[in-house]
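This report concerns only the one structure given below.
The values are calculated or read from the model by the stated rules, or taken from the named source; none is laboratory data. As the structure is a computational prediction, the values presented were derived from the model and not from experiment. Note that each Cβ is placed from the backbone with ideal geometry, even for glycine, and that neighbours are counted across all protein chains shown. Surface accessibility is based on the protein's heavy atoms, side chains included, excluding ligands, DNA and RNA. Shrake-Rupley method; radii C 1.70, N 1.55, O 1.52, S 1.80 Å.
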Amino acid sequence: MSLIRRQDRSPIVAILFIQALVYGGLYLLSPYLEALLGYTIPLFWGMLAQGVFAGLITALCGFSRWWIVGQAALPPLAVLALAANIPVWVFPVILILLVLIFWNVATNRVPLYLTNKETAAALLDMCPKTSGLHFADLGSGLGGTLRFLARHLPDARFTGLETAPLPFAATYLFGKFGGPRNLSFRFQDIWKQDLAEFDIVYCFLSPVPMARLFEKAKNELKPGSLFISNSFAIPEHEPDEVVLLEDRRKTRLLVWKM
Ligand SMILES: C[S@@+](CC[C@H](N)C(=O)[O-])C[C@H]1O[C@@H](n2cnc3c(N)ncnc32)[C@H](O)[C@@H]1O
């Protein structure tokens with residue numbers, strides 16, 4: 001299991017490995033089962049068993065709900081698709097697209113959801129209007145927050161760090177063709193980025209990485225820099241300021257001054 005759970009392994013390698021492992025196991029077992037039952041196991045039942053065992057192993061490996069559901073549903077759906085004449089490549093393609101978007105769910109336990117307009121406006125209010133300010137979004141997703149800020153603060157610089165391949169590619173291409181000049185996106189793991197170059201670091205991640213990220217921020221950010229977390233607290237570290245928003249989510253921006 002530890003082989004699969006290694007943080008630096010791509011989730012797609014792990015999920016394909018699990019499916020292959022279960023397939024191999026069932027393939028070896030099926031002659032004995034069929035001899036015991038006295039009939040050939042229909043393909044659909046075989047794929048149902050494949051899904052159940054793949055889902056169970058995925059759960060045991062600590063993947064989140066959506067990975068487990070995907071792993072369990074994919075094999076029987078593939079058989080149904082064959083019966084319905086839906087081209088069988090459709091499902092792996094959908095799966096691969098989902099993996100490329102939600103890349104950091106399995107490895108970092110951080111899904112993709114987006115900062116809303118009200119929160120972006122609140123962040124704009126919090127930015128000092130001095131030239132040369134460098135603002136980072138750790139895990140910049142589709143880049144909407146940074147595009148909004150970069151348009152309103154042309155004298156500041158904005159940098160997004162992202163490792164999910166599809167969101168990164170989309171923001172990078174948008175930046176290359178017509179994005180604001182003070183905005184850039186890096187294909188960069190937040191854990192490998194020195195934060196010292198930023199004056200404000202913003203993140204909207206999940207509860208899982210917050211304690212480790214705050215330690216990193218404390219060690220690397222310059223005195224006077226701001227660390228802002230959308231919604232997710234840091235155990236045993238009260239924020240210096242909490243900005244409460246009147247949006248639908250009742251967003252809380254937690255602010256620490258270094
Ligand atoms: C909840 S989304 C927030 C997106 C964006 N910041 C926003 O507020 O709209 C979190 C993003 O962080 C990215 N992410 C998670 N862990 C990361 C890591 N270690 N390095 C880079 N990006 C990461 C995810 O791929 C995801 O796109």
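Seen from all directions on average, segment 117-257 presents a Cα convex hull projection of 8.1 nm².
The modelled label-to-label distance for the pair H152/Y27, using points 7 Å beyond Cα in the direction of Cβ, is 5.7 nm.
The length gained by stretching the chain between S64 and A121 to full extension, at 0.36 nm per residue less their Cα-Cα distance, is 17.4 nm.
Beta-bridge orientation, the chain: approximately 35 percent antiparallel, per DSSP, counting only bridges with both partners inside.
Computed with a 1.4 Å probe over protein heavy atoms only, the accessible surface of the chain comes to 56 Å² per residue.
For segment 82-97, the Karplus equation 6.51 cos²θ - 1.76 cosθ + 1.60, evaluated at θ = phi - 60°, returns couplings of 4, 5, 8, 6, 6, x, 5, 6, 4, 5, x, 5, 4, 4, 5, 4 Hz by residue, with Gly and Pro reported as x. Ranking C61, G141, L37 by how far each Cα lies toward the positive end of the dipole of the chain (charges on Cβ) leaves G141 at the top.
Database remark: amide H of V110 closer than 5 angstrom to the amide H of V105 (H placed geometrically; neighbours at sequence offset of 5 or more, or on other chains; Pro and chain starts carry no H).
Our analysis of segment 2-108 gives Rg over Rh at 1.01, with the two radii drawn from alpha carbon positions and Rh computed by the Kirkwood formula.
Principal-axis analysis of the Cα atoms of the chain puts helix 43-60 at an angle of about 40° to the longest axis.
In the assembled protein chains, V88 presents an accessible area of approximately 70 Å² (probe radius 1.4 Å).
Judged by the mean number of other Cβ atoms found within 10 Å, the most tightly packed of the peptides 176-182, 252-258, 103-109 leads the ranking 103-109, 252-258, 176-182. Take the Cβ atoms of L16 and E238, set R0 to 41 Å, and the FRET efficiency comes out at 0.40. The solvent-accessible area of F63, taken with every protein chain present and a 1.4 Å probe, is close to 20 Å².
How charged is the neighbourhood of G179? Take every other residue with its Cβ under 11 Å from the Cβ of G179, and add Lys/Arg as +1 and Asp/Glu as -1. Every neighbour counted, the sum reads +4.
Rounded, prolate or oblate for the chain? Axes are the square roots of the Cα gyration tensor eigenvalues, ordered a ≥ b ≥ c, and the cut-off for rounded is a/c under 1.5. Prolate, since a/c reaches 1.5 and a/b exceeds b/c. The dipole here belongs to the chain: it is taken about the Cα centre, uses +1 on the Cβ of Lys and Arg and -1 on the Cβ of Asp and Glu, and is about 300 debye. Between L100 and V255, the contour length at 0.36 nm per residue exceeds the Cα-Cα span by 52.7 nm. Using the Cβ-Cβ distance between L82 and I41 with R0 = 25 Å, the FRET efficiency computed as 1/(1 + (r/R0)^6) comes to roughly 0.95.
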